[in-house]
Amino acid sequence: MKLKKPKSVEEYIEINEHYGKELSFLRALMMSTDLEESVKWMFPVYGYGKKNLMSLCAFKDYVGIWFFQGVFLEDKKGVLQNAQQGKTKAMRQWRFKNIDELKKHKSLIEAYILEAIQNHNDGKEVPVTKSKPTVILPDLLKHELSNNKNLKLAFNQLSVSKQKEYCDYISNAKREETKKKRLLKILPMIMEGVGLNDRYK
């Protein structure tokens, strides 16, 4: 299935119509705050200026909120997930199955959003550690990672073997157009913390 890169949050919701009600519900909660809305890495993103705090994402089986500095959330209810236990340092995700679940937890979702904003205001942030590259990045992916801090964070938290799978997937394409299409395909997978071939393992 060819992925379309949305130019607006409305278009993202339209593309993911199977979770249209749920995305619209979460979007309304975000927009009830002072967060700024944008589309980055194919996802609706919310933050202040150049600081991205949260994003919405819709996949086949769930819709969710990414908290980019979610490690600092108190999470008394234990609803947050770590994409890769032991590897993902900062990001946490809260997943939902349907609109009824969202409505049931509306007050709690609002509390988590406000806590994330407060943590940002308090300067709580996991520093991005620089390390020597262990894989050869194709130019397209290299450019995307250098411009998208949170995508780079997600990519760096993948195992070396998964990083190489993604790099080879793009590099092995002969045509530039094919390389670009493959890049669009893997961006949401990288953000989800999965490997290119995980579904076959």
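The values are calculated or read from the model by the stated rules, or taken from the named source; none is laboratory data. Here the structure is a predicted model, which means the values were calculated and not measured. Here the Cβ is made from the backbone with ideal geometry for all residues, glycine too, and neighbour counts use every protein chain on show. In case anyone asks, the SASA skips ligands and DNA or RNA and just uses the protein heavy atoms, side chains included. Shrake-Rupley method; radii C 1.70, N 1.55, O 1.52, S 1.80 Å.
Distance from the C-alpha centroid of region 150-201 to that of region 45-59: 21 Å, rounded to the whole angstrom.
Which pairs, out of Lys40/Lys97; Lys40/Lys185; Lys4/Lys181, put more than 20 Å between their alpha-carbon atoms? Kindly include the intermediate steps, with their values, before the conclusion.
Numbers: Lys40/Lys97 24 Å; Lys40/Lys185 14 Å; Lys4/Lys181 9 Å.
Lys40/Lys97, as the Cα separations exceed 20 Å there.
In this structure the amide hydrogen of Leu137, modeled in the peptide plane, comes within under 5 Å of no amide hydrogen from residues 5 or more places off or on another chain. FRET efficiency for the Glu177 to Lys76 pair, using the beta carbon distance and R₀ = 45 Å, is estimated at 0.40.
Spacing of the modelled spin labels on Val128 and Asp100, each 7 Å from Cα toward Cβ, amounts to 4.2 nm.
Between Met91, Leu145, Ser107, the Cα set farthest toward the positive side of the dipole of region 1-146 (charges on each charged residue's Cβ, about the Cα centre) is that of Leu145. In straight-distance terms, cross-link reach from Lys76 covers every one of the lysines whose alpha-carbon lies under 16 Å from its own, apart from those fewer than eight places away in the same chain; here that gives Lys106.
Taking 22 Å as R0, compute the FRET efficiency from the Cβ-Cβ separation of Leu114 and Lys50 and round it to 0.05.
Values: r = 21 Å, r/R0 = 0.96.
Calculated value: 0.55.
On the protein heavy atoms, probe 1.4 angstrom, tell me the percent of accessible surface of the chain carried by carbon and sulfur.
Details: 5690 of 11470 Å².
That share works out to 50 percent.
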